[in-house]
1. Which one of the conditions (1) part of a strand (DSSP E or B); (2) within 27 Å of residue 118 (Cβ to Cβ) does residue 88 fail to meet, given that it meets all the rest?
2. Can you name the residue in the stretch 54-113 that is in contact with a Ser or Thr (Cβ under 7 Å, 6 or more places away or on another chain) and acidic (Asp, Glu) and is also nearest to residue 160 (Cα to Cα) among such residues?
3. Within the stretch 93-106, is there a residue that is under 12 Å from the mean Cα position of the chain (by Cα), crowded, with 17+ Cβ neighbours inside 10 Å and assigned to a strand (DSSP E or B)?
4. Hey, does the stretch 146-158 have a residue that's assigned to a helix (DSSP H, G or I), at pLDDT below 95 and crowded, with 20+ Cβ neighbours inside 10 Å?
5. Please enumerate the residues belonging to the stretch 165-197 that are touching a helix residue (DSSP H, G or I) at 6+ places or on another chain (Cβ under 7 Å) and of a type in the set (Lys, Arg).
6. Step by step: first the residues of the stretch 63-111, then only those that are without any contact (Cβ under 8 Å) to a residue 24 or more places away in the chain and aromatic (Phe, Trp, Tyr), then the one that is farthest from residue 45 (Cα to Cα). Which residue is that?
7. Have a look at 120, 130 and point out the one that is touching a residue at least 60 places away in the same chain (Cβ under 8 Å) and under 21 Å from residue 196 (Cα atoms).
Amino acid sequence: MNKTTGFWYNLFDMPAVYNSVRSVLLFGKGKMFSEITKSVALQEGETLLDVGSGPGELSQLFSNDYAGVDYSQNYVSYSQKKYLGKKFFQGNVLDLSIPEKSYDVVLLASFIHHFSDDEVKKILANMQKVARKRIVLLEPCPWKGNPLAALLLKLDRGAHIRSFEEQKKLVEEYFSIETSYTFTSGMYKLSLIVAQPKVN
């Protein structure tokens, strides 16, 4: 279950606060942005769905046809005002109705650790139908030997921090992994997984 109540949740539901704090903890977001852009690898004419788009800042990385969906109407409203020309809409990813093969690439950035294994499987099964070419998954990972990183993950609003291997195991039920690796950015260890939908 996601942590949807309390001080930290309410604080980070403010887009400006969320962006500022993450920028500090990541020592700037340049490295993370670079890894996401490289892995998404959008080509001319391709479309992207950003699932759990939050305050919408990843939209500025892509000039192609971009759409972001988030559960928080507060985030969606903020994104629509700040990133004009990009599409954002509110929706519950556990109950989204999106036509099959409607986006070339689906991005899930710092997202699935907000959901249980069963919920993640439902999300991935849905995205397997939506993505024409690939999904890109970015997630925080436990960082052994770094107590500050462990504390930050404990404070994270997501209640399901998984190891890199656990993340890959979930993805492999519905996708064939092309590339997967971890990297560090500031106080975080992050994973990146690029995968193609399996044909049923």
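The values are calculated or read from the model by the stated rules, or taken from the named source; none is laboratory data. Everything quoted here is computed from the prediction, not taken from an experiment. Glycine gets a Cβ as well: all are built from the backbone with ideal geometry, and neighbour counts include every protein chain shown.
1. Residue 88 satisfies every listed condition except (2).
2. So the residue we want is 70.
3. yes
4. yes
5. 189
6. Applying the filter and picking the extreme gives 71.
7. One residue alone meets the criteria, 130.
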